[in-house]
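Shown next, in structure tokens, is the structure this report addresses.
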Amino acid sequence: MSAKIDCPVQLLVPAGKASPSPPVGPALGQRGVKTMDFCKQFNDRTKQYTQGVPMRVILTVRPDRSFTFVTKTPPTSWLLLQAVGQEKGSSRPSHTVIGELSIKHIYETAQVKVADAGNEDSTLEAMTSCVLA
């Protein structure tokens, strides 16, 4: 006898711009979740952010096709690119310098990340080390 378990889904969705198109639609559709319900809830929850900021989402789909989700802060790489003032990084990682960051930028990024769900036990110093790595 197999027990039905919750199914976690990780997505990267622009704040305030969730729509049934890829990547949201296919990822949720194959699990039987009503995509429009998720889109409405996500857009409402992220309306205080600047539209288009990539938000990490951990969505838990239950066996009865209901769901809950947690929104997290944007990826560290996106935050660092914003601090440098660039849209995207180098096409050859570790070969081209695209900008310089001060310790202040690293510290501010760590402050954003330490407030993220799941990082409550991390210290600011530990998160700063993670951002630098």
task = Please tell me if Leu11 is of a type outside the set (Lys, Arg), under 13 Å from the mean Cα position of the chain (by Cα) and either surrounded by 13 or more Cβ atoms within 10 Å (Cβ to Cβ) or in the same structural domain as Gly118 (by TED's automatic domain parsing) (or both).
result = yes
Inter-residue pairs, beta-carbon under 6 Å, first more than 16 Å from Trp78 (Cβ to Cβ) and in the stretch 105-133, second at pLDDT 85 or above and of a type in the set (Ser, Thr, Tyr), 6+ apart = Val114/Ser122
task = Hey, can you tell me all the residues within the stretch 99-123 that are surrounded by 13 or more Cβ atoms within 10 Å (Cβ to Cβ) and either over 17 Å from the mean Cα position of the chain (by Cα) or of a type in the set (Asp, Glu) (or both)?
result = Leu101, His105, Ile106, Tyr107, Glu108, Asp116, Ser122
key: Residue check, Thr68 β-branched (Val, Ile, Thr) and either surrounded by 11 or more Cβ atoms within 10 Å (Cβ to Cβ) or touching a Cys at 6+ places or on another chain (Cβ under 6 Å) (or both)   = yes
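Pick from Asp44, Asp6: which is under 18 Å from the mean Cα position of the chain (by Cα) and without any contact (Cβ under 8 Å) to a residue 60 or more places away in the chain? Steps first, answer last, please.
Working: Asp6 fails: under 18 Å from the mean Cα position of the chain (by Cα).
Unique residue meeting the criteria: Asp44.
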request  = Identify all residues within the stretch 96-117 that are under 9 Å from Ala83 (Cβ atoms) and part of a loop (DSSP other than H, G, I, E, B); write none if there are none.
outcome  = Gly99, Leu101, Ser102
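The values are calculated or read from the model by the stated rules, or taken from the named source; none is laboratory data. These numbers were taken from a predicted model, which means no experiment stands behind them. Reconstructed Cβ throughout: ideal geometry from the backbone, glycine too, with neighbour counts over all protein chains shown.
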